[in-house]
């Protein structure tokens, strides 16, 4: 194998390594974003459940004013 061909293969490999690292960094970024969104949805769900309980609990406990 000639020295020039070996150099070309090494350059090609370096480009692949760089591309793989960039893809990995993007996957990590997207996973962090997904984790944040999942946590936010869970928080909103808890808030909505709390509002629903407060609304249904208030209606059932207090009779209407005409009673």
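The numbers here are math on the coordinates, done by the rules we state, and not lab data. Computed from a predicted model, the values in this text were never measured in an experiment. With ideal geometry, Cβ positions are generated from the backbone for all residues, glycine too; neighbour counts draw on all protein chains shown.
Tabulated values for the structure
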| quantity | calculated |
| --- | --- |
| Between helix 3-61 and the chain: long-axis angle, C-alpha atoms, 0 to 90°, nearest 10 | 0 degrees |
| Computed E for residue 36/residue 56 - FRET, C-beta separation, R0 25 angstrom, nearest 0.05 | 0.20 |
| For the chain: rounded, prolate or oblate by the Cα gyration tensor [a/c cutoff 1.5] | prolate |
| Difference of contour (0.36 nm per residue) and Cα-Cα distance, residue 14 to residue 44 | 6.3 nm |
